[in-house]
Structure formats: structure tokens, C-alpha cells
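Inspection log for the structure reproduced underneath, given as C-alpha cells.
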Amino acid sequence: GVLENDLRLASCAKSFPRVKFRMYTDRKRVLVTGGAGFVGSHLVDRLMQDGHEVIVVDNVYTGRRRNVQHWIGHENFQLVTHDIVNPLYMEVEEIYHLASPASPPHYMSNPIKTLKTNALGTLNILGLAKRVKAKVLLASTSEVYGDPEVHPQPETYWGNVNPVGPRSCYDEGKRIAEAFARSYHEYEGVDVRIARIFNTYGPRMHMNDGRVVSNFVTQALSGQPLTVYGDGTQTRSFQYVSDLVDGLLALMNSSYTMPVNLGNPEERTVMDFARIVLGMTGSKSTIVHKPSVEDDPQKRRPVIELAKQVLGWKPKPPVEQVEELTRRNIERILRRMTDVKSI
Ligand code: NAD
Ligand code: UDP
Ligand code: UDP
């Protein structure tokens, strides 16, 4: 009976991705808020593979357990379901603070919750960092530049944000989060990092989050028309998620406490994106124009000289990355349609 039971348990044992071995003294205890989300889960993968102890705090509002499923049960990993609007007590050495809805339909669906998460949630995380003397990196956004009147955007630009528009819950939420981070640094001596993240894409992004890459890829693969909002001359600059993770790790390991842009300066119009997606997927979908959205930033491109200088960071050439994204999405959609585990 006992042996049988042991054998049964052994055969159920989960195999994990390989992680680097680290001595206890060399291993950091890292908190990732929002670690079950798109960007957070990729960061968690890197920290885990590098042999650190990782605690994810996430209320699974826009994230998914599935994104970190492959680590659940690993001795170095812990998933805590918690809403950061409420105080949080734990002992950690580093904090990557990513918890916040990120796509316009998500953050607009409950603007008060978005404001509370970015204001009160960030306050709690900074209070925690102060108490345990942890380094804390805030995931801010290019949205702090609003609909920019300076192009491309350097960190010294103060932005052009409508404080009472539909995007203000997110834009002003992130602006107050930056102000909190700087104030905790100046007044309380908390060691802060501020990443101004530009549009990012890659595997595990939500296919139904209403953003341009996910919409276009889903539409192209299902033969639906691609929906371009307005005339499609507005621009964005997209970086691949692994580049962003490299940048976040480099920023945390630097000693720079002012905001740093992390993005790929390769700028394209939305119309170009539509054509690129059609070309890559070989789709016969048409392009249709929908009404333009209120306060939609008309152009966006990062100046990344600061990141190059202080972090030695720049995005990698894009070709292989785009191919990987398309292949994975096609696989995922096919898998769902055919309901088989691997193809
Ligand atoms: P995401 O929605 O996939 O991940 C955010 C995570 O935060 C989710 O897992 C969500 O459940 C969690 N969360 C939200 N509110 C919470 C709360 N109150 N308490 C606990 N957890 C909460 O989004 P993402 O694209 O991975 O974005 C991560 C961070 O990067 C966000 O702070 C976002 O503002 C920032 N950012 C992302 C982009 C981008 O293009 N993806 C661009 C600029 C900035
Ligand atoms: N806080 C937290 N975890 C901690 C320490 C503080 O969630 O480990 C919260 C605390 O509840 C407060 C916020 O962080 O709402 C700011 O904390 P701080 O100590 O800076 O301010 P104070 O409590 O003095 O207002
Ligand atoms: N957009 C579009 N069609 C879509 C989704 C988005 O034309 O189906 C446009 C949108 O108006 C914006 C750009 O694509 O100009 C990027 O939008 P997204 O929501 O991805 O990101 P953000 O506006 O936050 O940069």
C-alpha cells in the first residue's frame, strides 16, 4: 500500500523548467506584483531560471494563473492572490511593481479601480519597500506623455495628458505612481527605479484585450476584417517582451532613480501594422476603418539614449521575434480549435 502510494505520487511529480543553482546567500527574494500578467510572467520566468526566489502577488484581474502554471509547486515560487489596494506584509529584497490593468478596454472598464490600483496600490508597495528596505521598480508607461507635442519623447518631456478624459484613470494613475515613487525616494530614502514602458507585444498577451496587435492578429487569422480606428496614420513603436524583460532587469541592477524609457524606436503607422499582419499571416482579410477613439495619442516613439547610456540596453533586431509571435499564436488558436494538447 505505502510503496504503491509513493510510486503513484512519484509518477504525478511535476517537472519544472531548469533553474540555475544558487547558494542561499546569493539568492534574492523577489516580489513581482502583477506577476500573473503578460509582462510579469515573462519576468518571473527569467528570475526563476536565474535561481531566485519569486513571490507573485496578483488579484488575477487581467492576469491568469495559466501564465505561471509551470512554476506552481516549485520550491522557489509562490503565488499569492491579493489585491494590492489592500496593505501587504511580507519580507523581500527586491520588488518589481507591475500590478495594473494595461490595455485601454481593461483600464477603462473600471476607471476607479484603475486609479485605486495605481495610487493606493503603489502607496502600499512603497510603504512595504520602506519598511523592509527593498529596492522597488515601478512599471510606468509612455502614456505619461499623453498625446505628445514633442516627438520623439525623451524622459525630460512632461507630457500632454487630459486629466479628465477617458484615458486619465490610467495616465494620471501612472503619473501619481511616479510622483509617489520619487517622493518615497527623496523623503524616505527608498531605493526606486522608474521604467516608462512603451507598447510591448509577445506570447501570452491577451488575445481579447482590444489592443492593436492582438486585434489584428486574431482578425487576420479568423478571416475577419482588420479594424483600423480613424484613418490609421497614428503611429506606435512596438518592442518585443524579451527586450523589455532585459531592460527591466538592467534597470533594477543599475543605480539610476529617475525615469527611463524602455521601448523600441522603430515607429510605424497603424495602417502599416495592418498591412504587416496581413502579409505575415497570409490572410485574405480586408481592412475597415472605424471611428477614431477619443484622446488617442497621434504619435509615439521613445528616445532611448538614456537607457543605452545608463543601462547599456537596446532592443534586439526584430525579425526572429515577430516570427515567434506569429507561430505561437497560430499554434494556440489551432490547438483551441482542434482541442489537442500538442501539434
Ligand atoms: P497585464 O494586464 O497582463 O498584467 C497586469 C497584472 O496586474 C495582471 O496579472 C493583473 O491581474 C494584475 N493586477 C491588476 N490590478 C491588480 C491589483 N489591484 N492587485 C493585484 N494585481 C493586480 O498587463 P501587462 O501588459 O503585463 O502590463 C504590466 C505592467 O506594465 C502594467 O503596470 C502596465 O501598466 C505596464 N505597461 C505595459 C505596457 C504594454 O504594452 N503591455 C506598456 C506600458 C506599460
Ligand atoms: N504598508 C504595507 N505594507 C508594509 C508597510 C506599509 O502595505 O509592509 C502600507 C501602509 O498600510 C500604508 C502605506 O503602505 O498605507 C504607506 O506606508 P507608510 O509607512 O509609508 O505610511 P504610513 O503608514 O505612515 O501612512
Ligand atoms: N487600434 C486600431 N484598431 C484596433 C485596436 C487599436 O486601429 O483594433 C489603434 C488605436 O486607436 C491606437 C493604436 O492602434 O491608435 C494602438 O492602440 P492600443 O490600444 O494597442 O495601445 P495604446 O493606445 O495604449 O498605445
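This table checks each residue for (1) of a type in the set (S, T, N, Q); (2) not in a strand (DSSP E or B).
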position: Gly232; (1), (2): no, yes
position: Arg236; (1), (2): no, no
position: Asp246; (1), (2): no, yes
position: Met252; (1), (2): no, yes
position: Thr257; (1), (2): yes, yes
position: Asp272; (1), (2): no, yes
position: Met280; (1), (2): no, yes
position: Ser285; (1), (2): yes, yes
position: Arg300; (1), (2): no, yes
Among residues of the stretch 18-64 being surrounded by fewer than 21 Cβ atoms within 10 Å (Cβ to Cβ) and of a type in the set (A, V, I, L, M), the residue farthest from Pro101 (Cα to Cα) is Met23
**Prompt:** Within the stretch 134-149, is there a residue that is within 16 Å of ligand 2 (Cβ to nearest atom), at pLDDT 95 or above, more than 16 Å from Val190 (Cβ to Cβ) and of a type in the set (Asp, Glu)?
**Reply:** no
Over the stretch 87-132, the set of residues within 14 Å of ligand 2 (Cβ to nearest atom), among the hydrophobic types (A, V, I, L, M, F, W, C) and part of a helix (DSSP H, G or I) is Ala119, Leu120, Leu123, Ile125, Leu126, Leu128, Ala129, Val132
Worksheet item: Does any residue of the stretch 133-153 turn out to be in a strand (DSSP E or B) and more than 15 Å from ligand 1 (Cβ to nearest atom)?
Response: yes
Considering residues that are over 15 Å from the mean Cα position of the chain (by Cα), under 21 Å from Met258 (Cα atoms) and not in a loop (DSSP other than H, G, I, E, B), the number found within the stretch 165-214 is 19
Restricted to the stretch 54-86 and to residues being part of a loop (DSSP other than H, G, I, E, B) and among the aliphatic types (A, V, I, L, M), the residue farthest from ligand 2 (Cβ to nearest atom) is Ile72
Residue check, Pro101 in contact (Cβ under 8 Å) with a residue 24 or more places away in the chain and touching a Ser or Thr at 6+ places or on another chain (Cβ under 7 Å)
yes
Pairs returned, first residue in the stretch 112-132 that is farther than 11 Å from His97 by Cα, second residue that is modelled with pLDDT under 95, beta-carbon separation under 8 angstrom, 6 or more apart or interchain, are Lys113/Tyr61
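The values are calculated or read from the model by the stated rules, or taken from the named source; none is laboratory data. Since we're looking at a predicted model, the values are computed, not measured. Virtual Cβ from ideal backbone geometry, glycine too; neighbours counted across all protein chains shown.
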